[in-house]
Amino acid sequence: MASLALFAAAVGLVLVVAFAGLTAALAARRLTVSRMVVEREVQEDDPVRLRFDAQGIKRLPVRVQAEDQSGAWVDLAPGGTFLEVAVRRRGAYRLLPSRLRISDALGIFEWPLHAGMPEPLLILPTPDAHAALEARHFATRPEPEPDGL
């Protein structure tokens, strides 16, 4: 009797693992994720906002996650998710495709994916609010020769 109960439990675990792998593989085939950069030019202290739209996984018990800049995984909602990426130094950059992963509801299987194409970013310097602007003195009378001849 004891070995029959263990056999039933082992068969049940095999079926659960097989179902988890099947749902993750099916979701990886059906999933489409689009990534959009909201603003391609930001100031150096402002984050770059990315919008992810995941489609094609209705009624499947899976999780779709994107990796943020700290290496943590953020769940993507079916209606769209915003993710902020901070670039600390100014200059021109290329934003590489974002790393994604699909996992089953139990977390047994994971499928790595990428979303988006390489896109250019421009990080602009932050204007100095404390810098005094030069006061320009304009002549009150018109110059006789405006071109300086």
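So the values come out like this:
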| read-out | value |
| --- | --- |
| Sequence-distant residues sharing a close amide H with PHE109 (under 5 Å, placed H) | ASP104 |
| Residue-count net charge about VAL87 - beta-carbon cut-off 14 Å; Lys, Arg +1, Asp, Glu -1 | -2 |
| Using a Förster distance of 35 Å, the FRET efficiency for TYR93-ASP53 (Cβ separation, nearest 0.05) | 0.90 |
| Length released on extending from GLU84 to ALA9, taking residue separation times 0.36 nm less the Cα-Cα span | 22.5 nm |
| Computed FRET value (nearest 0.05) for LEU22 with ALA72, which takes r as the C-beta separation and R₀ as 41 Å | 0.90 |
| q = 0.14, 0.16 Å⁻¹, the chain: log10 I(q)/I(0) [Debye, one scatterer per Cα] | -0.79, -0.92 |
| Virtual spin-label span in nm between MET117 and ASP45, 7 Å along Cα→Cβ | 3.5 nm |
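Each value in this text was obtained by applying a stated rule to the coordinates, not by laboratory testing. Every value quoted in this text rests on a predicted model; they were computed, and no experiment measured them. Ideal geometry is used to build each Cβ from the backbone, glycine not excepted, and the neighbour counts take in all protein chains shown.
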